[in-house]
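Only one structure is covered here, and it is reproduced in the block below.
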Amino acid sequence: MCVEKTPWEQVVDFHGHICSEIAIGYRITQIALRELGLAPLPESELIIMAETQSCAIDAFQVLTQATIGRKSIIINELGKHAYYFHYSGSNQTLRIAISPELANYLNQDLSKLSPREKQNKVLESIHSLLSIEENTFCTIRKLSSILPKSSLSKGWTVCSNCNEPMRVEHAIIADKKALCKGCVS
């Protein structure tokens, strides 16, 4: 007999382990899909822009079928758990950012705990993240615009210094020349 896995189990299987950031991604995805509703057009694609590269992105990929490879998930690394959700063909973007109160779930020092204590602490955190009141969990803003143009850039260019190809959205313009991040630092 074949038993179908729950969405949570699918996310955990894809990611490979359970952690607080997977719970954050799972919860944010549920909120975003509820708030955005159905795609405005049958051919609309969900585009997600993340302000950090974290485990949460794996939950987005499993639950929405948006992927980094197809560039329907874009990472603009600012080190913040803030995410934009936008259907192509729509003028609305949803921004969801976790609340400052969630930092304690991300900053837990588990290094001095036994394996069983670590597991219990992670499970407690996940339970809390999945059940905490929504207004305590995150802030939700509906924006009446699409994602910033820079985040939707596609294509490749060549670094003026090292002459290596790079994605356009990663180019840094200095003195009217496109430079890769490696050549700027």
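Annotations
- Picking from residues in the range 1-30 that are under 13 Å from the mean Cα position of the chain (by Cα) and either more than 20 Å from residue 103 (Cβ to Cβ) or without any contact (Cβ under 8 Å) to a residue 12 or more places away in the chain (or both), the one that is surrounded by the most Cβ atoms within 10 Å (Cβ to Cβ) is 29.
- Segments classed as strands (runs of 3 or more DSSP E), wholly inside the range 117-185, with at least 2 members that are acidic (Asp, Glu) and either outside the structural domain of residue 70 (by TED's automatic domain parsing) or modelled with pLDDT under 80 (or both): none
- Conditions (1) free of Cβ contacts under 8 Å to residues at least 24 places away in the same chain; (2) more than 16 Å from residue 137 (Cβ to Cβ); number of the one not met by residue 100: (2)
- Unmet criterion (only one of (1) within 30 Å of residue 94 (Cα to Cα); (2) aliphatic (A, V, I, L, M); (3) at pLDDT 80 or above; (4) surrounded by 13 or more Cβ atoms within 10 Å (Cβ to Cβ)) for residue 113: (1)
- From 29, 67, 52, residue being in contact with a Phe, Trp or Tyr (Cβ under 7 Å, 6 or more places away or on another chain) and among the hydroxyl-bearing types (Ser, Thr, Tyr): 29
Yes/no per residue for (1) under 10 Å from the mean Cα position of the chain (by Cα); (2) touching a residue at least 40 places away in the same chain (Cβ under 8 Å); (3) part of a helix (DSSP H, G or I); (4) surrounded by 18 or more Cβ atoms within 10 Å (Cβ to Cβ):
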{"site": "32", "(1), (2), (3), (4)": "no, yes, yes, yes"}
{"site": "39", "(1), (2), (3), (4)": "no, yes, no, no"}
{"site": "42", "(1), (2), (3), (4)": "no, no, no, no"}
{"site": "52", "(1), (2), (3), (4)": "yes, no, no, no"}
{"site": "57", "(1), (2), (3), (4)": "yes, no, yes, yes"}
{"site": "69", "(1), (2), (3), (4)": "no, no, no, no"}
{"site": "83", "(1), (2), (3), (4)": "yes, yes, no, yes"}
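- Qualifying residue in the range 68-75 (condition: at pLDDT below 95, among the basic types (Lys, Arg) and farther than 30 Å from residue 156 by Cα): no
The values are calculated or read from the model by the stated rules, or taken from the named source; none is laboratory data. Every value quoted in this text rests on a predicted model; they were computed, and no experiment measured them. As a convention, Cβ positions derive from the backbone with ideal geometry for all residues, glycine included, and neighbour counts pool all protein chains shown.
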